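Take a look at the structure set out below.
The values are calculated or read from the model by the stated rules, or taken from the named source; none is laboratory data. Small disclaimer: the values here were computed from a predicted structure and weren't measured. Quick reminder, even Gly has a Cβ in these numbers, built from the backbone with ideal geometry, and neighbours come from all protein chains shown. With ligands, DNA and RNA removed, areas are computed over all heavy atoms of the protein, side chains included. Shrake-Rupley method; radii C 1.70, N 1.55, O 1.52, S 1.80 Å.
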Amino acid sequence: MSFPTETLYRTATEGSVTSLYCGKLTNGKVTWSRDVNGQRVDILTTHNGETTKHIADPDRRYSSGANLVLSIFRVSQSDAGRYYCSGATVELTVTSGGGVSVVETVLMFGGVGVAALMFLLATVAAGRVILHQAWLTGWAAGKETVQLSPSE
């Protein structure tokens, strides 16, 4: 049986999750495969919500569900290339994150948080010193004023 095929294009960012759709197919049996070193290698087959993997996938990066979508977790540059299913060919392009990872984000905001906390503590400490000096000066000036004013 021959299926009409179409070529779809998908771009994903390194480290993200991407979903490859098998054209307009939404039910039936689909085997996802890809080109690896010039040979087509089956990744998984999905049918009625059941998934059978044809490759070793210890990190559980590939999955599918009842909608026949191939999900790739933690996308890497090595995932770029041509994928096949019964209803389509999907060209996956992987772009470098260019952004920051979750760990980098936590460290960055953690560093900003520490800097903000240090600024706040320094401001409070300086404010207390200034307030204390003003209080002492104000108290002494107030005492002199009371002593200089005529008593009634």
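Looking only at the stretch 1-21, residues that are of a type in the set (A, V, I, L, M, F, W, C) and modelled with pLDDT under 85 come to 2 in all. The residue that is most open to solvent (accessible area, probe 1.4 Å), counting only those in the stretch 10-30 that are in a strand (DSSP E or B) and among the hydroxyl-bearing types (Ser, Thr, Tyr), is 11. Does residue 42 satisfy the criteria of being surrounded by 12 or more Cβ atoms within 10 Å (Cβ to Cβ), among the acidic types (Asp, Glu) and at pLDDT 90 or above? For residue 42, the condition - surrounded by 12 or more Cβ atoms within 10 Å (Cβ to Cβ), among the acidic types (Asp, Glu) and at pLDDT 90 or above - is met.
So is residue 82 of a type in the set (Lys, Arg) and outside any loop (DSSP other than H, G, I, E, B) or not? Taking the combined requirement at face value, the residue satisfies it.
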